[in-house]
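The values are calculated or read from the model by the stated rules, or taken from the named source; none is laboratory data. Given the structure is predicted, the values throughout are model-derived calculations rather than measurements. Here the Cβ positions follow ideal geometry from the backbone for every residue, glycine too, while neighbour counts run over all protein chains shown. For the accessible areas, the whole protein counts, side chains as well, though only heavy atoms, and no ligand, DNA or RNA atoms are used. Shrake-Rupley method; radii C 1.70, N 1.55, O 1.52, S 1.80 Å.
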Amino acid sequence: MLRARERGLVWCGALLLTAAPLAADYSLEDAQKFLTGYCQACHQGESASAGFRADDLSTIESFRSHPDDWTRLVARVSNSEMPPKGAPAPDLDAREDFLSWVEATWRQQACAADLAPPPTLIRRLNRDEYSASLRDLLDLQLDVKENLPVDGPGGEGFDNAAETLFLSPLHSEKYLETAKFVLDAASKEFKSRSLIFVARPEDGVSEREAAKKILERFLYRAFRRPVDGETIASYVNLFELARQQGRDFEPAIFFSLRSALVSPLFLFHVEPSGDDPVLRQYALASRLSYFLWGSMPDDLLLDIAAAGKMDDPDVLRMLVPRMLRDDRSLEFSTRFVEQWLRTRELEGSHAPDPELFSEYKEQAELRSDIRLQPVFFFQRQMRADASLLSFLDSDSTILTRSLVDLMGLHYEEKLSKNPEWIELPPGSNRGGLLSMPAVLAVSSYPYRTSPVLRGAWILDSILGAPPPPPPPNVPALDETQSAEEPKSVREMLTQHRANPVCASCHNRIDPLGFALENYDAIGRWRDEEAGKPVDAHGELTDGTSLDGPAGLKRALLDRNELFVRNLTKRMLGYALGRGLLPSDACAVETIVDRVQADDYHAWTLIREIVVSEPFRSVAAPAPESAAERLAEVRP
């Protein structure tokens, strides 16, 4: 039987698979015919169903006046939720033409209207950012993220999105426990103590004066912004209260610091309050550091903010290479790559079947190398300012001894157990991300490959056009096998595609997955499946022939604009810590254009993101948003 995840991919709506340009003669009139034919029967006039009026979307100007209505419409049409079951429905080509026109028009209108960025959403540090911030604040090599609940994905698919970073009573309890734990550990570490105790009570320096100097420095770094005298005084008062209760000087300091580590000013990202030009500088320093390091800004970034230079585009561009070459950039590479490619899922229930793939279960080193290969590949290419197109295909890659053995590669000299940047042998079929075992495993079932899952993974993670869920009448794949004549996955899908309901979608998804069928469910090369030669041929709906992984990579490189736009959207959403909105469309296109003009250099992508209007426009959060979220935690 076809598993639930695969059934969810069988019906496809608007898949921009063939990268065909929008028909030059598609116009507003064509879009109105679409709305009239499929929407207005239920959605017009004062009695419009669900309060949605299609007749409000009759002009180009409606993209500016009714952006939320267009958003709702696109989501429902993309997911084949509208028209409802039983009503006349557009075929896939009509649906694609309409959605392509909407996307193109939206971009044009966003640029023409010069839409203002939305108010910044108040968001707490996610558990990775929280743990990394404590590490850097105290120079303490502890990873405490496991103490906190897992953060779910939001926005563009990342767990740093404001839409999902709420606080619960459990968070508050865990923050208190963790603050005590890390400060107890810091009290025993020389480096941590040196960072904290920047003053001591001695001749001419009272305890209160020493405590004030300690707290001034600590709070400035912990809160990642200037701290006013009243706030500092409140923490000095806590120190004095602890002394009055009989604590010695150092324990009294740690008592006060514990309160700082559960303050909203530590737990939440820096955002300006009103039109505060000083705080805006620090908000940008914090946004940049949590984007590229996943942690708090260092002294240099804070100094640049203090000098009022953080919003200077030239300064931001110069900072990018320094930050990418810093060891802390591994946080960015790990968190971005594992969520973009979904390889994080290999840690849980999506791990390869331990009985069928015993080496994956038994060899911890191999498991680690598989998981980290795409992360180190990404980090290396970012540091080297390499071409973004190398993510689709490359002549070299990250390898270890265990990966070479798994992939069946041959080198005269034995490779190290440590990751190395190695030139691939001719004809290895191993360049880029698509042929990495982690990607091939996460886009398979634990027990076998799936052209459907792999095709859908490419559509989503590479091209940014995920297939929507299926209608309820899609039949399951018949996986019944004959002992005398077992069927390959391709043969089972061929039978499944004979049903016209299934074929319309599979014709668009399966060719991509078929091209990867030479790789098994953990990425080993194979020439046979079920005792028959592997057929890795596929054909796109525009007639493009895909002959194995090499043909697939050529086809994707020919459509590289789709890949670059998708990568730009994902990374911009990650950098902003929120989902993208119609007002961001112009920024996305500007970034894509500049990356293409600069020959796809990796630094150009990062630089254009950090100087973009959405990134630098740190608008004050909506008052109700700030009040609601900050009320959930007390200093």
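Annotations
- Projecting the Cα positions of Ser49, Gln281, His506 onto the charge dipole of the chain (unit charges on Cβ atoms of Lys, Arg, Asp and Glu, taken about the Cα centre) puts Gln281 furthest along the positive direction.
- Tilt relative to the chain, helix 207-223 - C-alpha long axis, 0 to 90 degrees, to 10: 10 degrees
- Exposure rank, largest accessible area first [Asp303, Asp353, Asp558; 1.4 Å]: Asp558, Asp303, Asp353
- Seen against the Cα atoms of the chain and their longest principal axis, helix 548-558 is set at about 70 degrees.
- Over the stretch 123-270, the alpha carbon radius of gyration divided by the compact-protein estimate 2.2 N^0.38 Å works out to 1.10.
- Carbon-plus-sulfur accessible fraction, the chain (probe radius 1.4 Å, protein heavy atoms only): 51%.
- To the nearest ten degrees, helix 585-597 and the longest principal axis of the Cα atoms of the chain are 80 degrees apart.
- Ligands, DNA and RNA excluded, the heavy atoms of Trp421 present near 90 Å² of accessible surface to a 1.4 Å solvent probe.
- Whole-number percent relative contact order across the chain, with pairs defined as alpha carbons under 8 Å at least 6 apart: 21 percent
- Residues in the chain average 42 Å² of solvent-accessible surface per residue, probe 1.4 Å, ligands and nucleic acids excluded.
- Put simply, when 308-320, 132-144 are sorted by average Cβ atoms within 10 angstrom per residue, most first, you get 132-144, 308-320.
- Heavy-atom accessible area order for Asp385, Asp593, Asp184, Asp68, largest first, 1.4 Å probe: Asp68, Asp593, Asp184, Asp385
- Under 13 Å, Cβ to Cβ, from Gly308 - net charge with Lys/Arg +1 and Asp/Glu -1: -2
- In this simple spin-label model, placing a label point 7 Å from the Cα along the Cα-to-Cβ direction at both Glu362 and Leu241 gives a separation of 6.0 nm.
- Cα convex hull of the chain - mean projected area over all directions, nm²: 32.9 nm²
- Radius 11 Å from Cβ of Gly432, net charge of other residues (Lys, Arg +1; Asp, Glu -1): 0
- Given 13 as the ceiling on other Cβ atoms within 10 Å, longest exposed-site-free region of the chain for GluC sites (Glu not before Pro) in DSSP loops: 62-354
- Rounded to the nearest 20 debye, dipole of the chain from Cβ charges on Lys, Arg, Asp, Glu: 1320 debye
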